[in-house]
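Okay, so here's the structure we're looking at.
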Amino acid sequence: MMTFIVPHAVESLAIAPLTVLQEEEQLFQRSIRKFAQERVAPHVRAMDEAGVFRKDLLKEMFELGLMGVDIKEEYGGQGGSFFQSVLAIEELARVDPAASVIVDVQNTLVANAIERWGNPDQKRKFLPRLATDTVGAYALSEAQSGSDAFALTTRAVEDGSHFVISGRKLWITNAAEAGVFLLFATVDPAAGYKGIACFLVERGAAGFQVGKKEDKLGIRASSTCELIMDGVRVPRENILGEIGKGYKVAIETLNEGRIGIGGQMLGLAQGALDHAVKYAKERKQFGKAIGEFQGVQFELAEMATRVEAARLLVYNAARLRDAGQPFVTQAAMAKYYASTIAEEVASKAIEVLGGVGFTKDYPVEKLYRDSKIGRIYEGTSNMQRVVIAKALMESARP
Ligand SMILES: Cc1cc2nc3c(=O)[nH]c(=O)nc-3n(C[C@H](O)[C@H](O)[C@H](O)COP(=O)(O)OP(=O)(O)OC[C@H]3O[C@@H](n4cnc5c(N)ncnc54)[C@H](O)[C@@H]3O)c2cc1C
């Protein structure tokens, strides 16, 4: 039986990423790289096959602070930057994009939304849990509302001090493990998107059920489930932000979340490149390493250039966000480009590995499957192009 090759050590990286990181960021990046290579990598294939993420690894991710990277220290988080969350997402994706998206949703969507929109009581109640032991999920999509996200039909009806929520959500990442759900529902259908509110719903609430788990092409160890709400009573104090402002909570968090997915796709592409370079140095044909043939070298050079271009876009968008500068167009570009090149680079990596690249004994086959989701979730590639084109059309420049 052939053995599954785990990603090679940091020292043997094909090229050191060129983008400048502060010393603190470098140390942070190294610690996650070590965790990903030593703890996650040995389990990637089995988790992918089983379609389940190991509970012990999830616990370790909490202990390492990966589930609360930019939650403030007063709430038990790491007090890091949004950029550091993206670095964590990138490093994990290099080894396992499924582990990466768990951390991505927790940090860039759930904790981020509570930090921004939560009142002091909500922050005190939910952020320490998210930082220490509770997985979060972000429930916007429904069967009939994907790209047209605000066409959602889940209803929240006011009943004294509570709202009663009924409806179904689809495709909810982390749902199998989550203890807290940010759930979007319409309070006033006549008001259209301005009738939406975001509710903090706890697992175990009466009438709330996590339904069918999807059997997916890629990121298989990340759970994606249906949610069924049948008269779930949620106290008024669990509204995140205001009634009618749910659309703002969604848009603003997704604008930032896109940078995270850009980071995930960037890490995936870097991982595929690393494997391709390593293999090209080792595999011999016609009496020499295939990496000595210019035809192979040019492919690798092309791949490396695309990865580095994606890195610049992703890091720039994250840094703009941390600096309080406009970043929405850059975020859309980062996600659009990184997900496009992730698919291309993973595909090329399979070709560099030849026949073995097409098998499950080497990790590039999985990275190729995992890459496909980048152009779909948190806004499809077309939706990113809509955002970019809108900015161009509205630009004051001729
Ligand atoms: C693995 C996975 C995890 C997910 N996780 C979550 C999650 O945690 N939370 C959550 O809320 N959702 C989640 N989603 C849902 C995801 O965000 C949606 O699948 C995505 O937004 C696309 O919606 P859709 O699938 O309904 O496709 P559709 O909107 O039906 O799109 C189908 C095609 O039509 C194109 N299209 C649609 N409208 C236009 C237009 N106006 N112009 C041009 N092209 C258009 C799209 O680009 C796409 O190519 C997840 C999905 C998957 C597969």
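What follows is calculated from the coordinates using simple rules that are stated; it is not laboratory data. This is a predicted model, so every value here is computed, not measured. Glycine gets a Cβ as well: all are built from the backbone with ideal geometry, and neighbour counts include every protein chain shown.
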FRET efficiency estimate (nearest 0.05) - Cβ-Cβ, R233 to R54, R0 45 angstrom: 0.85
K288 versus V20: modelled label distance in nm, points set 7 Å from Cα along the beta carbon direction: 3.8
L240, L182, L21, L58 arranged by Cβ crowding within 10 Å, fewest neighbours leading: L21, L58, L240, L182
Check: the stretch 54-172 dipole with +1 on Lys, Arg Cβ and -1 on Asp, Glu Cβ, in debye: 260
Reach of K213 by Cα under 18 Å, taken over aspartates and glutamates that are not fewer than 8 positions away in the same chain: D48, E49, E142, E177, E226, D370
Dipole of the chain, positive end: most advanced residue of V249, F298, A185 [Cβ charges, Cα centre]: F298
About the Cα centre, charge dipole magnitude for the chain (Lys/Arg +1, Asp/Glu -1 at Cβ), debye: 440
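Using the count of nearby Cβ atoms within 10 Å as a rough guide to exposure, how do H275, H43 rank from fewest to most?
Working: H275 25, H43 18.
Listing H275, H43 from fewest to most nearby Cβ atoms yields H43, H275.
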14 Å beta-carbon shell around N119, net charge (K/R +1, D/E -1): +2
Net +/- balance of residues flanking G260 in space, Cβ distance below 12 Å, scoring K and R +1, D and E -1: -2
Stretch gain in nm, segment Q209-Y193, where the contour uses 0.36 nm per residue and the Cα spacing is subtracted: 3.2 nm
For the stretch 64-181: span of alpha carbons on each principal axis (Å, largest first): 40, 32, 22
Ranking of S141, S31, S100 by count of other Cβ atoms within 10 Å, fewest first: S31, S141, S100
Debye log10 I(q)/I(0) at q = 0.09, 0.13, 0.14 Å⁻¹ for the chain, Cα point scatterers: -0.52, -1.04, -1.19
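Rounded to the nearest 0.05, what FRET efficiency is calculated for K34 and S381 with R0 set to 41 Å and r the Cβ-Cβ distance?
Details: r = 33 Å, r/R0 = 0.81.
Here the calculated transfer efficiency is 0.80.
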Near-label residues of the stretch 169-211 by backbone N, under 14 Å of a point 7 Å along Cα→Cβ of M393: none
Hits among lysines - C-alpha to C-alpha of K194 under 21 Å, sequence gap 8 or more where chains match: K169, K245, K248
